[in-house]
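Following: one structure in C-alpha cells, then a few remarks.
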Amino acid sequence: MREPEFRLAPPDLGRWRQGNTRTEGVWQFQSAEPGPRVTITALIHGNELCGAWAVSQLLAVLEGGTKLRRGRLTLALCNLRAFERFDAAQPHASRFVEEDLNRQWSPDRLASGSSLERRRAAELKPWLEDADFLLDLHSMHEEGSALLLTGMQPRHVDFVRALGVAGTVIVDPGHAEGRRLRDFGPFGSDAGDARSVLIECGYHGDPDSRLVAQDAVHRLLALTEVMDVQDLPPQWRLDRPPAQWSLEVTDAIVAETLDFRFAFTPTDLQVIERKGTVIGHEQGREIVTPYDDCVLVMPSLRQLRPGVTVVRLARRRSMKAATA
C-alpha cells in the first residue's frame with residue numbers, strides 16, 4: 001500500500017530539550033493563585049510531530065513572559081530518543097526505540113526498567129501522576145479525521161464534550177498490549193475526578209494535524225483558565241463543529257500471527273451494515289462483524305505483527321446518549 005505523502009516537517013526542539021525540572025523534556029509552571037493541575041504531553045511516539053509543534057510553540061509563548069492565571073501547567077516532550085531517529089522517508093521507524101511508550105503505564109512495567117521506554121516512563125511518572133486534566137497529543141499512521149479516545153468512565157466523555165474539539169469520540173476500555181498513559185493512575189480509576197483524553201489529530205504527515213493539536217491546547221487552556229488564551233496566537237482556535245457522535249468500542253481484533261489479512265481495504269470509521277460480514281481472515285478463520293451497523297475504528301494496514309490491534313469494532317451513539 002502506498003504511503004501517504006509526509007508534508008509536516010519536524011519542529012526544532014533544541015531549546016526545549018532540557019526542561020526546567022530535573023527531568024529532560026519536562027517543563028512545569030506554577031501560578032501563585034490556586035487552580036487546576038493541567039498536563040499536556042507530546043511525542044509519546046517519536047514520529048507524531050503535531051503535539052511537539054503545539055507544545056514547543058506554547059513554550060515559546062511562556063518564554064516570552066506570559067504568566068499563568070492560576071493553577072499549574074506541566075508540558076512533557078516524552079520520547080525524545082525516538083524523535084531523534086525521525087526520518088520522513090521512513091516515518092514509522094521512529095515510533096519507539098525498544099518498546100511502545102504508550103503501553104508501559106502499569107505499576108509492574110514502570111518498576112521493571114527493562115527497556116528504554118520503561119525507564120523513560122518511570123522518569124515521567126512523578127510529573128504526570130497528580131494531574132487533574134491530561135491532554136495527550138498523538139497522530140495516526142493512516143489518513144483520517146481527528147479521533148478523541150477516552151476511557152470508559154463518563155467523566156472523560158464529559159471532559160471531551162466541554163473541550164468542544166471537532167472529531168469523533170471513541171470510548172474504549174484500553175489496549176490489549178499494555179496500559180496507555182490515558183489510563184494511568186488516577187485517570188483510569190473509577191474513583192476521583194481526574195480527566196484525560198488521547199487525541200489522534202490526523203495522519204502523522206498532514207499539516208492539518210498540527211492545527212488540530214494547537215486547537216486542542218487552546219481549548220484546554222480556555223476551559224481550565226490556567227492561562228489567558230488571548231496571549232495565544234488567535235489562529236490556534238479552529239472554527240470547526242464539536243464532536244457530535246461517540247463510538248463505544250465493543251471488540252478489539254488482535255492479530256495472532258503474520259497471516260492476518262483484511263477481506264477488503266478498510267477505511268477509518270467505515271460502517272459495515274450487516275452482522276456477519278467478513279472483514280478479515282487469519283489462518284483459515286473468518287473475522288466477522290458481530291452486529292449490524294458496525295463501525296471500523298483505526299484499521300491498521302501497515303503495523304501488522306502478532307499482538308497488534310488491527311481494528312476496533314464499535315457502536316455509534318450520540319454525544320448526549322454517551323453520558324446519559
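The values are calculated or read from the model by the stated rules, or taken from the named source; none is laboratory data. These numbers were taken from a predicted model, which means no experiment stands behind them. Here Cβ is always computed from backbone atoms with ideal geometry, including for glycine, and neighbour counts include all displayed protein chains.
Could you tell me which of the residues F29, F96 is aromatic (F, W, Y) and under 18 Å from the mean Cα position of the chain (by Cα)?
F96
Select from the stretch 234-265 the residues that are among the aromatic types (F, W, Y) and surrounded by 15 or more Cβ atoms within 10 Å (Cβ to Cβ) and write down the one among them that is nearest to A54 (Cα to Cα).
Per the criteria, the residue is W236.
Does E225 count as loosely packed, with under 14 Cβ neighbours inside 10 Å, of a type in the set (D, E), at pLDDT 95 or above and over 21 Å from A146 (Cα atoms)?
So E225 fails the test.
Name the residue that is farthest from V249 (Cα to Cα), counting only residues in the stretch 296-319 that are without any contact (Cβ under 8 Å) to a residue 60 or more places away in the chain and touching a Ser or Thr at 6+ places or on another chain (Cβ under 9 Å).
P306
Regarding D251, is this residue part of a strand (DSSP E or B) and either within 20 Å of A42 (Cβ to Cβ) or not hydroxyl-bearing (S, T, Y) (or both)? Give the derivation first.
Working: part of a strand (DSSP E or B): yes; either within 20 Å of A42 (Cβ to Cβ) or not hydroxyl-bearing (S, T, Y) (or both): yes.
In short, yes.
Among (1) on the phi > 0 side of the Ramachandran plot; (2) modelled with pLDDT under 95, which single condition is E256 missing?
So the condition that E256 fails would be (1).
Based on what the data block shows, is V229 of a type in the set (A, V, I, L, M, F, W, C) and touching a strand residue (DSSP E or B) at 6+ places or on another chain (Cβ under 8 Å)?
No, not satisfied.
Provide a single number: the residues in the stretch 272-295 that are of a type in the set (A, V, I, L, M) and either touching a residue at least 40 places away in the same chain (Cβ under 8 Å) or in contact with a Leu (Cβ under 8 Å, 6 or more places away or on another chain) (or both). Steps first, please.
Initial filter on the stretch 272-295 (of a type in the set (A, V, I, L, M)): 272, 278-279, 287-288, 295.
Then keep just the ones that are either touching a residue at least 40 places away in the same chain (Cβ under 8 Å) or in contact with a Leu (Cβ under 8 Å, 6 or more places away or on another chain) (or both); that gives 272, 279, 295.
Qualifying residue count, the stretch 272-295: 3.
Within the stretch 93-100, does at least one residue satisfy the condition of being assigned by TED's automatic domain parsing to the domain that holds P186 and either part of a helix (DSSP H, G or I) or modelled with pLDDT under 95 (or both)?
Looking through the stretch 93-100, at least one residue is assigned by TED's automatic domain parsing to the domain that holds P186 and either part of a helix (DSSP H, G or I) or modelled with pLDDT under 95 (or both).
When the stretch 121-165 is examined, which residues are found to be within 16 Å of N79 (Cβ to Cβ), surrounded by fewer than 24 Cβ atoms within 10 Å (Cβ to Cβ) and out of contact with any Phe, Trp or Tyr (no Cβ under 9 Å at 6 or more places or on another chain)?
A122, E123, W127
Need at least 1 residues that are of a type outside the set (D, E, K, R), touching a helix residue (DSSP H, G or I) at 6+ places or on another chain (Cβ under 9 Å) and under 22 Å from L43 (Cβ atoms) per element, so show me which strands (runs of 3 or more DSSP E) inside the stretch 127-173 make the cut, counting only ones lying wholly within it.
The qualifying strands (runs of 3 or more DSSP E) are 133-140, 147-150.
Would you check which residues across the stretch 107-120 are among the hydroxyl-bearing types (S, T, Y) and buried (at least 16 other Cβ atoms within 10 Å of the Cβ) and list them?
Residues of the stretch 107-120 that are among the hydroxyl-bearing types (S, T, Y), as a first pass: 112, 114-115.
If the condition is that a residue be among the hydroxyl-bearing types (S, T, Y) and buried (at least 16 other Cβ atoms within 10 Å of the Cβ), then S115 is the only one that fits.
Can you tell me which residue is surrounded by the fewest Cβ atoms within 10 Å (Cβ to Cβ) among those in the stretch 20-59 that are assigned to a loop (DSSP other than H, G, I, E, B) and either of a type in the set (S, T, N, Q) or without any contact (Cβ under 8 Å) to a residue 24 or more places away in the chain (or both)?
Per the criteria, the residue is A32.
I'm checking my understanding of the structure. Among residues of the stretch 110-148 that are of a type in the set (A, V, I, L, M, F, W, C) and farther than 23 Å from A82 by Cα, which one is farthest from the chain's Cα centre (by Cα)?
A131
Can you find a residue in the stretch 252-262 that is outside the structural domain of S56 (by TED's automatic domain parsing) and within 19 Å of the chain's Cα centre (by Cα)?
Yes: the stretch 252-262 contains one or more residues that are outside the structural domain of S56 (by TED's automatic domain parsing) and within 19 Å of the chain's Cα centre (by Cα).
Identify all residues within the stretch 263-290 that are in a strand (DSSP E or B) and more than 26 Å from R317 (Cα to Cα); write none if there are none.
Answer for the stretch 263-290, where residues must be in a strand (DSSP E or B) and more than 26 Å from R317 (Cα to Cα): H281, E282, R285, E286.
Which count do you get for residues in the stretch 60-88 that are in contact (Cβ under 8 Å) with a residue 12 or more places away in the chain and either outside any loop (DSSP other than H, G, I, E, B) or not charged (D, E, K, R) (or both)?
Selection size over the stretch 60-88: 20.
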